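The values are calculated or read from the model by the stated rules, or taken from the named source; none is laboratory data. Note that the structure is predicted; figures quoted are calculated from it, not measured. Here the Cβ positions follow ideal geometry from the backbone for every residue, glycine too, while neighbour counts run over all protein chains shown.
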Amino acid sequence: MTRLIYDSFIDLNATRNDVPDARHIAHALGIHEQYIVHLHNATAKEINDHLNNLKRYNRENLRGLDRLLFVYVASHGCADQ
């Protein structure tokens, strides 16, 4: 069995550009800034909660309308569950 040493992981400086790049892609797809959500260092529970709230909002307010969910994930961390 392989044992991982999490303390040896380092930050990836290149990921600094991921948020602006993903935002640029969203804008190019026609997604307005007010609909862009940035979750930074979110736990699995926080992500789940946000997606469940989004699902509920869509069900209650956008029934019958076309929708696009664009999810961009940049991660090099370990699962928190």
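The residues in region 34-81 that are hydroxyl-bearing (S, T, Y) and either modelled with pLDDT of 85 or more or over 22 Å from H24 (Cβ atoms) (or both) can be counted, and the count is 3. Close contacts from region 40-65, counting a first residue that is within 20 Å of A22 (Cβ to Cβ) and a second that is small (G, A, S), with Cβ to Cβ under 7 Å and a gap of 6+ residues or different chains, come to A44/A79. Please verify whether E46 is acidic (D, E) and either loosely packed, with under 10 Cβ neighbours inside 10 Å or over 11 Å from the mean Cα position of the chain (by Cα) (or both), treating the condition exactly as stated. Here the answer is no, as E46 does not meet what is asked. Of all residues in region 20-38, those satisfying the criterion of being aliphatic (A, V, I, L, M), surrounded by 12 or more Cβ atoms within 10 Å (Cβ to Cβ) and without any contact (Cβ under 8 Å) to a residue 40 or more places away in the chain are I31, I36. Counting only residues that are out of contact with any Asp or Glu (no Cβ under 8 Å at 6 or more places or on another chain) and closer than 14 Å to L68 by Cβ, how many does region 27-43 have? Residues that pass the stated criteria total 8.
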